[in-house]
Amino acid sequence: MCKTVLLAGLVVLCAGLMQAEEAESGDIIVAKIRLVTPHYEYEWTADAEAAAVADAGVQPSAVFSWTALQPGREMTLAEFEREVLRTERRLVDTGLFYSVSVHVVPPRRKPLERTVVITVSDGFPYRYSGGNAFIMFGRKALGGNRASVYVYAGWNLFGVEAVHENLGNRGIFWKPRPCLMISFPPFAMLMERSHGMSSLYSQGSSFRRMYRLRWGRVW
């Protein structure tokens, strides 16, 4: 009897070790992503896109746009662990949250599947700044999305800037900026590119309008 129990225990132990080795060496699958905020809890699965939530500080689609983790995606264990750390760092860098935590729930029955839990608390959405003879007031996370608006007022800069970093949830960056400002040389039409973004703007002489349009893709 003791030999039978011992043999059965060895078989179960070997099976567990084989599953663990398979999980470490092979691809894993992101089963689902759970988002926890002070306003709501949301679970994103492979069966549906991230939906809008009423009275949300930041929408689930906005939070999920800062990560490459998606339900149903297959990744190596090393890639998965790197993306978990990267997701937490990117959410912290947004400045939209007072605290951010991204952790993984250990698998139970399926060793290759992982559930990711993202926990965030609302930050301060308003922005204040200024420069030479002007001030700026802004608001981020408009409508719970990656949209912002900034108002400039002063002797040498006056206007409004609107920014959307994720049009259509496709990572498209859109930044129109009509302003009135002092500028030199008297007139110029400029085109510039930096960090994957393109900008086209014209500027006139003192107290003439400047129009700036910036577009591209962000991640």
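Taken over the range 148-169, residues that are among the hydrophobic types (A, V, I, L, M, F, W, C) and either buried (at least 18 other Cβ atoms within 10 Å of the Cβ) or under 19 Å from F124 (Cβ atoms) (or both) amount to 4.
Pairs linking a residue in the range 96-114 that is within 30 Å of L142 (Cβ to Cβ) to a residue that is among the charged types (D, E, K, R) and part of a loop (DSSP other than H, G, I, E, B), with Cβ atoms under 8 Å and 6 or more positions apart or on different chains, are L96/K140. Residues that are within 14 Å of A62 (Cβ to Cβ) and polar (S, T, N, Q) occur in the range 90-104; there is at least one. If you scan the range 113-144, which residues turn out to be aliphatic (A, V, I, L, M), modelled with pLDDT of 90 or more and more than 14 Å from Q59 (Cα to Cα)? Once the filter is applied, which keeps residues that are aliphatic (A, V, I, L, M), modelled with pLDDT of 90 or more and more than 14 Å from Q59 (Cα to Cα), the range 113-144 yields V116, V117, I135, M136.
The values are calculated or read from the model by the stated rules, or taken from the named source; none is laboratory data. As the structure is a prediction and not an experimental result, all values here were calculated from the model. Glycine also receives a Cβ, built like all others from the backbone with ideal geometry; neighbour counts cover every protein chain displayed.
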